[in-house]
1. Name the single residue that is surrounded by the most Cβ atoms within 10 Å (Cβ to Cβ) among those in region A:100-117 being over 16 Å from the mean Cα position of the chain (by Cα) and not aliphatic (A, V, I, L, M).
2. Going by the conditions given, is B:Tyr144 of a type in the set (Ser, Thr, Tyr) and surrounded by 15 or more Cβ atoms within 10 Å (Cβ to Cβ)?
3. Restricting region A:45-59 to residues that are touching a Ser or Thr at 6+ places or on another chain (Cβ under 9 Å) and either under 13 Å from B:Val30 (Cα atoms) or small (Gly, Ala, Ser) (or both), which is farthest from the other protein chains (Cβ to nearest Cβ)?
4. Please go through region B:37-59 and pick out each residue that is surrounded by 23 or more Cβ atoms within 10 Å (Cβ to Cβ) and part of a helix (DSSP H, G or I).
5. Take A:Ala80 and tell me if it is under 24 Å from B:Glu35 (Cα atoms), of a type in the set (A, V, I, L, M) and crowded, with 20+ Cβ neighbours inside 10 Å.
6. Hey, can you tell me all the residues within region A:99-134 that are over 22 Å from A:Asn54 (Cα atoms) and not polar (S, T, N, Q)?
7. Given the structure, is B:Asp32 in a helix (DSSP H, G or I), over 12 Å from the mean Cα position of the chain (by Cα) and of a type in the set (Asp, Glu)?
8. Criterion first (without any contact (Cβ under 8 Å) to a residue 12 or more places away in the chain and either at the interface with chain B (Cβ under 7 Å from one of its Cβ atoms) or among the hydroxyl-bearing types (Ser, Thr, Tyr) (or both)) does A:Pro116 satisfy it?
Amino acid sequence: TIGMIAIDEDGHVAAGTSTNGARHKVPGRVGDSPIAGAGAYADSSAGAAAATGNGDIMMRFLPSYLAVELMRARADPSAACKTAISRIKRHYPEFFGALICANATGHYGAACNKVPGFSQFHYMVSDSKSNIPLLKSVDC
Amino acid sequence: HASLPLVINTWPFGDATAAAWSSLQAGGSVLDAVEKGCARCEADQCDGSVGYGGSPDETGETTLDAMIMNGDTMEVGAVADLRRIKNAIGVARAVMEHTYHTLLVGESASVFAENMGFIAEDLTTNKSRSIYSQWLKGNCQPNYRKNVFPDPSKYCGPYKPRATRKPGRRARRTNIHSHD
């Protein structure tokens, strides 16, 4: 799955996702990616977030919506991402998932839930400072 | 690290980031950037988890989900369980641009896509066929069914509901290439 956020110089925000879902899913199964607030969410007055991982679990908690609302309440993007992940972890300690968050001023962060085989989450960033895609990572 | 404009995406899919960034630099909107970036990943079959030829379902078919959201207007266009169309994010954008709806699914979403000019083609590849045949050979493991007969942790279907339910939730082994 890819989840992507774009913000321009004037603070216009958009987000999107694309995926082929889980391997060997039951036909008809849909994950979090196409659900607004779950797979991604954008509000130019606050910021945007995008999720990845086990969509069957993540879609129950609307983590992208929660993260954007936390950023609206002045949480920094990393903290917003962490809180949204923690909310899921409280019910599903072993869920596989990660979240990227960016506020409307261009601050960004990410968080993930550590499980066997997944202890660090990699994501890409391109901004006017770098002008090229830079690989970033966060420890889960 | 605040510096606008900004493109950020999940996983190390740098070509998708570059495509979105190029779109912004060329004067495209943030929606254009997200569409271009995700479309690049679909064409590149990023990680096997995006686009055609990945994540076959229980019948071996690849289906796609995508969504795009405008943070200015709160408009959303999305498709789910999309069949036979490679450019899922493009269809999601078309849902947003050409309907008052938010989410179209399944066969009807594919018909909508064809009507909007998207080409219908087989999403199966040798890779997805191989993943599927390995799964069949491995007694259909891993498996998302529960409380059915025959036991889905040991046998392939077809399945029928089991009268008695087992309590509790089974922890699933993480496969970082199988994700939404």
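1. Selected residue: A:Thr105.
2. Yes: the conditions hold for B:Tyr144.
3. A:Ala49
4. B:Gly37, B:Cys38, B:Ala39, B:Arg40, B:Cys41, B:Glu42, B:Cys46
5. Considered against the rule, which asks whether it is under 24 Å from B:Glu35 (Cα atoms), of a type in the set (A, V, I, L, M) and crowded, with 20+ Cβ neighbours inside 10 Å, A:Ala80 comes out as no.
6. Hits for region A:99-134 are A:Ala104, A:Gly106, A:His107, A:Tyr108, A:Val125, A:Asp127, A:Lys129, A:Ile132, A:Pro133, A:Leu134.
7. So B:Asp32 passes the test.
8. yes
Read-outs: derived from the displayed coordinates by stated rules, not from any lab. Treat the numbers as computed from the prediction; the structure is a model and nothing was measured. Glycine gets a Cβ as well: all are built from the backbone with ideal geometry, and neighbour counts include every protein chain shown.
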